[in-house]
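So the structure is just underneath, and the comments pick up after that.
The values are calculated or read from the model by the stated rules, or taken from the named source; none is laboratory data. This structure is a prediction, so every number in the text was calculated from the model and none was measured. Here the Cβ is made from the backbone with ideal geometry for all residues, glycine too, and neighbour counts use every protein chain on show. Quick note on the areas: whole protein, heavy atoms, side chains included, nothing else; ligands and nucleic acids left out. Shrake-Rupley method; radii C 1.70, N 1.55, O 1.52, S 1.80 Å.
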Amino acid sequence: NIFMIEKKKTELYQELGLQARDLRFQHLMSIATRNNRIIMRMEFLKAVITPEFLLVLDYRNLNLEHWLFNELASQLAGEGQLVTYSLPFEFRAIEAILQYRISKLQGRLNTLQPQILETLEALVDPKLLSVDRSKLHILLQNGKSLSELETDLKVFKETILEILDEEELIEELCLSKWTDPQVFEESTSGIDHAEEMELLLENYYRQAEDLSNEARELRVLIDDSESIIFINLDSHRNVMMRLNLQLTMGTFSLSLFGLIGVAFGMNLESSLEEDPRIFWLVTGIMFLGSGLIWRRLLSFLGRHLEPPLPPHVPAVLKKSQPAAGRVEMKNNLKAETLGLSRSTLTNP
């Protein structure tokens, strides 16, 4: 039975028997008990649970209409994940709020995961000579959102784990113990309500742990992809540097033999300029010498840039020696066996 009420804060404090600090809005997660009331803060969602009703404060500002009027009613009626038999009202209310929080975290992860995978697939491409900055910007935003999600999951787990470590806190969450002690007795399944509350919290702690593992895998994938991107960029940078070095060596070799043309262009008279074949001879020597020097420099560059190969160990030697030892041992055993048999035959 869901309905809306509007009251002043002072009247609400007095009616619930709480203090003003108990209903103060704080953007954090906590589960506490005050005067047989459970106060749950899930960042922007804040609720007060009693043995009779669940009070959600300022739901209009959080856009909770769909959850309140479509999903919450069935959950409070006992159609949750763990409730298989009749339990007090506070169990169903706590489960409904925890389920709502887990579903929100799961939705954020489901939204981030395909975006991150698509961006990484576009970035990790060995054919790309440069990285698209727009994709990097999207990856940066998604990485920031993933960090916020990891923080929220960590806070969620720490809050539940803090309750699981204290048996008194678990019993305080069972409000029916103080209003109707008979309800708190062992149920038909042999598990009391305190143990049932512990199982309920452990279930959502495990779900949060699974989400944390998925978020951690995405984080590792981002880090590995960044390493691959850097490796691809370094590889392309090395290719460009090698090409630049080859061109520099070609220019050096050509300039070295170009000094011959400079010497002949000094306007000094000699007997060589009268021969009509000397031009082609000097030009051929210049280009041939430049090509030989450039070739020599390239071979020198290749020897010093390529990693040395490991020494080759022939597989025949590795296999033949043990095999020979086995064959020789078998032959010796065979000979000894024949000798023993012969001695056995000759003795009679």
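A few notes on this one:
- Subset of segment 39-65 [assigned to a strand (DSSP E or B) and closer than 19 Å to Ile5 by Cβ]: Ile39, Met40, Leu45, Lys46, Ala47, Val48, Ile49, Leu54, Leu55, Val56
A quick yes/no check of all residues on (1) surrounded by 15 or more Cβ atoms within 10 Å (Cβ to Cβ); (2) at pLDDT 85 or above:
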site: Leu16; (1), (2): yes, no
site: Ile31; (1), (2): yes, yes
site: Glu65; (1), (2): no, no
site: Asn70; (1), (2): no, no
site: Ala77; (1), (2): no, no
site: Gly80; (1), (2): yes, no
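- Qualifying positions in segment 42-55 - open to solvent by 30 Å² or more (accessible area, probe 1.4 Å) and without any contact (Cβ under 8 Å) to a residue 40 or more places away in the chain: Phe44, Glu52, Phe53
- In segment 272-286, the residues that are within 15 Å of Gly258 (Cα to Cα) reach residues that are surrounded by 11 or more Cβ atoms within 10 Å (Cβ to Cβ) with C-beta atoms within less than 6 angstrom, at least six apart or across chains, in these pairs: Val282/Ile260; Met286/Phe257; Met286/Ile260.
- A single member of Leu233, Leu243 is closer than 30 Å to Gly143 by Cα, modelled with pLDDT of 70 or more and hydrophobic (A, V, I, L, M, F, W, C), and it is Leu233.
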